[in-house]
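Participant: Sharing a structure, written as structure tokens. Questions coming.
The values are calculated or read from the model by the stated rules, or taken from the named source; none is laboratory data. In this text the structure is predicted, and so the values were computed from the model without any measurement. Glycine gets a Cβ as well: all are built from the backbone with ideal geometry, and neighbour counts include every protein chain shown. Quick note on the areas: whole protein, heavy atoms, side chains included, nothing else; ligands and nucleic acids left out. Shrake-Rupley method; radii C 1.70, N 1.55, O 1.52, S 1.80 Å.
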Amino acid sequence: MQVSEVPRATAAASSVAVSLGLPVDATLVLQDSDKLTLRLLPCDVVARVAPAARQVARFEVELARRLAAVGAPIAALDPRVAPRVHERDGFVVTLWTHHPSATPHGVAPADYADALRRLHAGMREVGVPAPHFTDRVDQARRLVADRDRTPALADPDRELLGRVLGDLRHSVGARGAAEQLLHGEPHPGNLLATGNGPLFIDLETCCRGPVEFDLAHAPEEVAKYCPEADQDLLRACRVLVLAMVTAWRWDRDDQLPDGRRLAAEWLDRLRTAVARDGADGLGDHPPG
């Protein structure tokens with residue numbers, strides 16, 4: 001979120017909470033990227049704030065409500081207030097349960113794999129429309145092709161990203177793997193280690209596709225506990241996901257802290273994958 005918007009977004013979240021009977025004397029910033037995540041005290045609620053134009057908040061709230069009903073491992077909405085999106089001063093605000101971290105060491109790979117498996121099981125029980133994973137790939141491709149939005153991206157790197165995104169979009173989609181509702185970005189930053197076990201957050205990226213697309217966001221050690229995964233498809237998805245997240249970092253409006261350093265680092269990793277496996281073979285023979 002733009003620095004100039006943070007005070008207004010914080011005030012909007014506090015105002016919503018107070019209007020619902022939740023006392024707020026202090027706010028702590030938990031995350032500031034494309035949206036602002038705050039911990040409100042002393043009511044101890046997590047508020048997620050985004051510009052009102054981001055109507056995806058309503059989708060996230062409805063999905064969270066349904067997943068909680070089937071026992072999926074997600075961080076739930078705050079039970080003290082109605083599960084809805086609140087609009088205030090040009091922002092949408094959603095209120096979530098705060099889960100203290102149970103360990104400073106993160107989630108063990110075996111527990112990570114189990115939580116993702118249970119999340120996918122829960123997602124198979126809820127029927128909500130969601131975009132296909134290829135729609136997200138196409139968003140990345142359009143970003144790479146738009147020189148106004150990615151002015152710092154050098155032409156050779158722009159060509160590399162565009163080619164990898166296009167080739168792997170086709171090859172992953174053409175495999176005919178079983179598809180279902182996915183988290184979309186179940187990376188370690190979206191998994192909390194809590195006293196109630198690992199819980200996923202940030203459901204607004206949900207899409208439909210093969211489970212290997214989700215697994216590709218997790219640390220490689222997690223895949224060792226997922227023998228049911230198609231390993232060739234997973235390797236292809238890992239390179240595809242790397243290309244996608246690299247593209248996001250070159251967006252001139254990207255607000256991820258240290259994003260430009262990560263953009264250069266991930267481009268180097270992508271070049272290594274292409275050099276190792278052959279640029280011509282990326283589309284038909286996923287990287288190993």
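Participant: Six or more apart or on different chains, Cβ under 7 Å: which pairs go from a residue in the range 96-124 that's under 25 Å from ALA57 (Cβ atoms) to one that's among the charged types (D, E, K, R) and surrounded by 20 or more Cβ atoms within 10 Å (Cβ to Cβ)? Could you list them?
Facilitator: Short answer, once both residue conditions are applied: TRP96/ARG48; TRP96/ASP78; THR97/ASP78; LEU116/ASP214.
Participant: Report, ordered by the first and then the second residue, all pairs with beta carbons closer than 6 Å, sequence separation of six or more or different chains, a first member in the range 145-157 that is touching a residue at least 40 places away in the same chain (Cβ under 8 Å) and open to solvent by 80 Å² or more (accessible area, probe 1.4 Å), and a second member that is outside any helix (DSSP H, G or I) and acidic (Asp, Glu).
Facilitator: ARG149/ASP251
Participant: Please verify whether LEU234 is closer than 29 Å to THR37 by Cα, part of a helix (DSSP H, G or I), under 19 Å from the mean Cα position of the chain (by Cα) and without any contact (Cβ under 8 Å) to a residue 60 or more places away in the chain, treating the condition exactly as stated.
Facilitator: In short, no.
Participant: Quick one: which of ARG66, ARG39 is surrounded by 15 or more Cβ atoms within 10 Å (Cβ to Cβ), within 24 Å of the chain's Cα centre (by Cα) and not in a helix (DSSP H, G or I)?
Facilitator: Being surrounded by 15 or more Cβ atoms within 10 Å (Cβ to Cβ), within 24 Å of the chain's Cα centre (by Cα) and not in a helix (DSSP H, G or I) holds for just one of ARG66, ARG39, which is ARG39.
Participant: If you take the residues in the range 69-108 that are farther than 22 Å from LEU20 by Cα and surrounded by 18 or more Cβ atoms within 10 Å (Cβ to Cβ), which one is modelled with the lowest pLDDT?
Facilitator: VAL107
Participant: List the residue pairs whose Cβ atoms are under 6 Å apart, where the first residue sits in the range 172-195 and is open to solvent by 20 Å² or more (accessible area, probe 1.4 Å), the second is among the basic types (Lys, Arg) and not in a loop (DSSP other than H, G, I, E, B), and the two are 6 or more positions apart or on different chains.
Facilitator: GLU179/ARG208
Participant: Being among the basic types (Lys, Arg) and under 17 Å from the mean Cα position of the chain (by Cα) narrows it down to one residue among ARG88, ARG58; which is it?
Facilitator: Step by step, each of ARG88, ARG58 is checked, and only ARG58 is among the basic types (Lys, Arg) and under 17 Å from the mean Cα position of the chain (by Cα).
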